[in-house]
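To start, the structure itself, in structure tokens.
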């Protein structure tokens, strides 16, 4: 299976130029751009991709040690990094536990057991053994993807999806190495077709990871796949997939990567995602305001493509560490109200305050977020750089 995936990705990359020429798609839209452009500063994805696509058995069996560009977390050092290339060698003397274990416990304390997410112990994953999952571990990435599960749970989206007994299609643009797909598919008990649209270079990671993490699922690169399966769609064939699959998806999602795209790519996905959810689905999006890094901001653009939107403010999380989260749709979102958890099942104001003050990362993050809303991107960049030099690195 691994050799087949690598062969397929090689073919998709080799076919990209001719396909785009035939369909008259501009290169800026279909090829790596923005923060994912070849040679982009502070992003090692293409250098790491060459190691993975080589098919080296040691590299593939430790895929998670080569995945830091997707989450900014380097398992080699068990710490947050700025996406730069670090040592690809295993540093086994480092401790497996870190502050993210307690943070994960904090935000799952008021969650149903079925919605607690751990990272599967596959492909070199590291962390502390999860008490609720003997086959999983907790680390920074487990926390990051748990944030998104919490948001979807509290907003009523998960409950609504669970009510679709006949099955539902989920569409993720920018699936990274597949962690959100893995978490959602483990949470949902209804038939799911999970479609990941991404650069072929990124699909390599998702396909290799998910075949190990979810071996009981069908895995397909077939654009006509209709059944319960994980479907990998190269970004330059997204229009073709939409033409072949005109029915609205239940949930579309993007986390972190929308603001890393070029302006053309952002506008394209905003338009196509609105089309994909139609008049019945919703689009979940969580992104930082990246303007201080020379990247982009997503909310203003999305307001012009969706009729309805709301910021998600969870009660189970003191402060979101992975960007502001919003839910978008072309119908009023009130239909989700009946699927939200009962208010008495969530922490009250005093409990939330106590939790927020239990770890310095949440008040620090709140302060930086408010500061970013007050000053210009250039001024905030200077403040953040100074902050990092002092050792107050965000989300560390």
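Scan (1) under 17 Å from residue 214 (Cβ atoms); (2) at pLDDT 95 or above for the single condition residue 133 breaks and write down its number.
(2)
Quick one: in the range 205-218, of everything that is farther than 13 Å from residue 192 by Cβ and in contact with a strand residue (DSSP E or B) (Cβ under 6 Å, 6 or more places away or on another chain), which residue is surrounded by the fewest Cβ atoms within 10 Å (Cβ to Cβ)?
Of everything passing the filter in the range 205-218, 211 is surrounded by the fewest Cβ atoms within 10 Å (Cβ to Cβ).
Checking the condition touching a residue at least 40 places away in the same chain (Cβ under 8 Å) and either buried (at least 18 other Cβ atoms within 10 Å of the Cβ) or over 24 Å from residue 257 (Cβ atoms) (or both), which residue from 352, 340, 389, 382 passes?
Going through 352, 340, 389, 382 in turn, the sole match is 340.
Any residue in the range 59-70 that is out of contact with any strand residue (DSSP E or B) (no Cβ under 9 Å at 6 or more places or on another chain), part of a helix (DSSP H, G or I) and modelled with pLDDT under 90?
Within the range 59-70, one or more residues are out of contact with any strand residue (DSSP E or B) (no Cβ under 9 Å at 6 or more places or on another chain), part of a helix (DSSP H, G or I) and modelled with pLDDT under 90.
Would you pick out the residues in the range 193-240 that are outside any loop (DSSP other than H, G, I, E, B), over 17 Å from the mean Cα position of the chain (by Cα) and more than 27 Å from residue 24 (Cα to Cα)?
Residues satisfying the conditions are 193, 211, 212, 219, 229.
If a residue must be closer than 15 Å to residue 50 by Cα, without any contact (Cβ under 8 Å) to a residue 24 or more places away in the chain and either surrounded by 14 or more Cβ atoms within 10 Å (Cβ to Cβ) or touching a strand residue (DSSP E or B) at 6+ places or on another chain (Cβ under 9 Å) (or both), how many such residues does the range 3-18 contain?
Within the range 3-18, residues that are closer than 15 Å to residue 50 by Cα, without any contact (Cβ under 8 Å) to a residue 24 or more places away in the chain and either surrounded by 14 or more Cβ atoms within 10 Å (Cβ to Cβ) or touching a strand residue (DSSP E or B) at 6+ places or on another chain (Cβ under 9 Å) (or both) number 0.
Looking at (1) assigned to a strand (DSSP E or B); (2) touching a residue at least 40 places away in the same chain (Cβ under 8 Å); (3) more than 21 Å from residue 384 (Cβ to Cβ), can you tell me which one residue 286 breaks?
With (1) assigned to a strand (DSSP E or B); (2) touching a residue at least 40 places away in the same chain (Cβ under 8 Å); (3) more than 21 Å from residue 384 (Cβ to Cβ) applied to residue 286, the lone miss is (3).
Report, ordered by the first and then the second residue, all pairs with beta carbons closer than 6 Å, sequence separation of six or more or different chains, a first member in the range 362-379 that is over 26 Å from residue 100 (Cβ atoms), and a second member that is surrounded by 15 or more Cβ atoms within 10 Å (Cβ to Cβ) and at pLDDT below 90.
Between residues of the range 362-379 that are over 26 Å from residue 100 (Cβ atoms) and residues that are surrounded by 15 or more Cβ atoms within 10 Å (Cβ to Cβ) and at pLDDT below 90, the close pairs are 377/291; 377/292.
Residue 164 fails exactly one of the following numbered conditions: (1) over 21 Å from residue 261 (Cα atoms); (2) part of a strand (DSSP E or B). What is the number of that condition?
Exception for residue 164: condition (2).
Looking only at the range 115-161, filter to residues that are part of a loop (DSSP other than H, G, I, E, B) and closer than 30 Å to residue 334 by Cα; which one of those is nearest to the chain's Cα centre (by Cα)?
The residue in question is 117.
With the structure loaded, tell me whether residue 265 is over 21 Å from the mean Cα position of the chain (by Cα), buried (at least 16 other Cβ atoms within 10 Å of the Cβ) and part of a helix (DSSP H, G or I) or whether it fails that test.
The answer is no for residue 265.
Rundown of residues vs (1) under 23 Å from the mean Cα position of the chain (by Cα); (2) part of a loop (DSSP other than H, G, I, E, B); (3) under 22 Å from residue 157 (Cα atoms), yes/no style:
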position: 297; (1), (2), (3): yes, yes, no
position: 302; (1), (2), (3): yes, no, yes
position: 309; (1), (2), (3): yes, no, yes
position: 321; (1), (2), (3): yes, yes, yes
position: 327; (1), (2), (3): yes, no, yes
position: 351; (1), (2), (3): no, no, no
position: 373; (1), (2), (3): no, no, no
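Quickly run through the range 241-262 and pick out the residues that are in a helix (DSSP H, G or I), surrounded by fewer than 19 Cβ atoms within 10 Å (Cβ to Cβ) and touching a helix residue (DSSP H, G or I) at 6+ places or on another chain (Cβ under 9 Å).
Across the range 241-262, the qualifying residue is only 242.
The values are calculated or read from the model by the stated rules, or taken from the named source; none is laboratory data. Model, not experiment: these values are computed from the prediction. Using ideal geometry, Cβ is built from the backbone for each residue, glycine included, and neighbour counts are taken over all protein chains shown.
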